[in-house]
Amino acid sequence: MPDDAGERLVTRIDKLEVDDERWREATARAAVIRPLIAQDSVHPQAIRDACRELGVRRTRLYELIERFRASPVVSSLVAGRRGPKKGSSRLTPEQDQLIDGAIKEFYRTRQKPSVNALRRRLRQLCQQRGLRPPSWDAIKARVAGTDERLLVQDREGAEAARTRFAPVVGEYHASHALEVVQIDHTKVDLFVVDSVHREPIGRPWLTLAIDVASRMVAGFYVSLEAPSSTSVALAIQHLVLPKEPWLARLGIAAEWPVAGIPEALHLDNAKEFKARALERGCEEHGVRLIYRPVARPHYGGHIERLIGTMMGAAHLLPGTTFSNVAELGDYDSARHAVMTLDELERWLALEVVRYHSELHAALKQPPIAAWREALAARRVSPSHPNDPAEFLLDFLPFKERKVRRDGVRLFDLRYWDDVLSPWAGRLRRRLRIKYDPRDLSKVFVEDPDGGHWPVRIADLSRPRITLAEHRQAQAALRGRGRSLVDERLIFETVEQQRTLEAAAAMATRSARRQTERRERALAASADTLGTATTMAAPKDDEDYADLRPLKVEDWS
């Protein structure tokens, strides 16, 4: 064998990456050297024989012996590859410094320039300094050797780098049903159409809840409105209430047994999950709130995977937007849309029922079977609200207002009912005025004892409007420089906008969307809160204990 004194010494080698020829050579070396180091003293003739057999000089043999003594394994004797050391550079120090600077200041930026753009930049810099431009391969190799996490952090942001590279060290677990329920939102990868003209109106939002112990879908809420404290409240109401009446209205004969008040809700740090109404509602019913660590989405892995599963199924529907542009290709999502929001809700319910009956990879059984086991593991049965409408009121958004002699004002609208008479202009404290953004025709006044009283808008001739319509009307008035506290103008503006929307419905997607949002919101609000039960007669402060409340009119 030829002398290999010039080969590079390797201290640690991946034996599975070594080619067969070098491995055989290392094995032969070990076979010769192992007997030598086993002797107390080595005869000079044995050294000469070993050098002859291995084809190396004496100094080289002593070097191999020392390596084998330090680590008596075959891989320590593997010959290094000839040629330049991996990662070494043949560029001049000036070229090296120029490439490193260009990568840091030009390539690792939010503009995300291409490698080709980096090459052009380096050629320009080298020309200015009278240097030879580095080769295309040298630039690509240097970019490939850049720390990928730092590269993503500089080009896409710290959150993207954490999401991609941070170790996944935590995920919530639960030992029994409704111990922990995770809730999150997603924009559905699907265009829906309006129910009148069957024209596309946009992508809805879906709020999903999952029981961690069983992976059962605990409930959901789908809407054209962006996530808010109201959508959270309605999703919570859906997860808590029995699903049988709701499934019957959808015409679905299937089992969905999840119902009951959860022990804890696991949420991210979005604004709607930090709403005061949600915090108070959960405290009222003994529900603990757990928030994920900021920018650590894997702590909500169960709900994230459920969302991925549901959106993957939605990608098979006409009108899907898929999950990225590459998948979308030249597919026109809006033109192919065929499903209304009500039809999507029914499809989602059917998809959830199907999901419950399929084998879950992590559980090794269907979620419906896991639910029965998780339910049996509870020490006590889940608790249920006595009054569904009252339960929802505990989670609705609210404002605090004083009851004045003319009633209460909310969003520049006046509300009155005789039930307010004992407090009108007399009660010093503010009361919580709870409202459903889907219908501002009625609010719910919470009395000092926690009872809720439905109070209609003072002018009963006013039409039912949503909070979104009200805000649009105020914006329109503001644009005209009119007063924002003129109730008549607000309703006149809403009526004018509705007329315009109806006329433009065949031509404008946004107008059709507004119409659909209004009709669906008003109908849903009447369905969930139209039968709210009033509480016992309200009590006054001690100063007015002798005042008797007037008869309450039933506004349901």
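Readers should treat all values here as calculations from the given coordinates under stated rules, not as data from a laboratory. Note that this is a predicted model, so its numbers are computed, not measured. Glycine gets a Cβ as well: all are built from the backbone with ideal geometry, and neighbour counts include every protein chain shown.
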Residue 412 and residue 357 label points (each 7 Å along its Cα→Cβ direction) are spaced in nm at 5.4
Taking amide H positions as placed in the peptide plane 1.01 Å from N, state which residues far from residue 184 in sequence (5 or more) or on other chains have amide H under 5 Å from it. 208
Order the peptides 393-400, 275-282, 39-46 from the highest to the lowest mean number of other Cβ atoms within 10 Å of their residues. 393-400, 275-282, 39-46
³J(HN,Hα) across the range 101-118 via Karplus (A = 6.51, B = -1.76, C = 1.60, θ = phi - 60°), whole Hz, x for Gly/Pro? x, 5, 5, 6, 8, 10, 7, 8, 10, 5, 6, 6, x, 7, 5, 5, 5, 5
For a Förster distance of 25 Å, can you work out the FRET efficiency between the beta-carbons of residue 146 and residue 124, rounded to the nearest 0.05? 0.75
Quick query: amide H of residue 321 versus all other amide H atoms, modeled in the peptide plane; which residues come in under 5 Å with a sequence gap of 5 or more or a different chain? 190, 191
Residue by residue through the range 349-354, the couplings from Karplus 6.51 cos²θ - 1.76 cosθ + 1.60 with θ = phi - 60°, in Hz, x for Gly and Pro, are 4, 5, 5, 5, 4, 5
Using the Karplus equation 6.51 cos²θ - 1.76 cosθ + 1.60 (θ = phi - 60°), what ³J(HN,Hα) coupling, rounded to whole Hz, does each residue of the range 307-319 give in order, writing x for Gly and Pro? 4, x, 5, 5, 5, x, 5, 5, 5, 8, 8, x, x
Set 187/243; 243/399; 104/140; 243/442; 271/399; 112/271, cut-off 19 Å on Cα-Cα distance; pairs above it are 187/243; 243/399; 243/442; 112/271
Around residue 365, which amide H atoms from residues at least 5 apart in sequence, or from another chain, sit under 5 Å from its own amide H, with H modelled in the peptide plane? 360
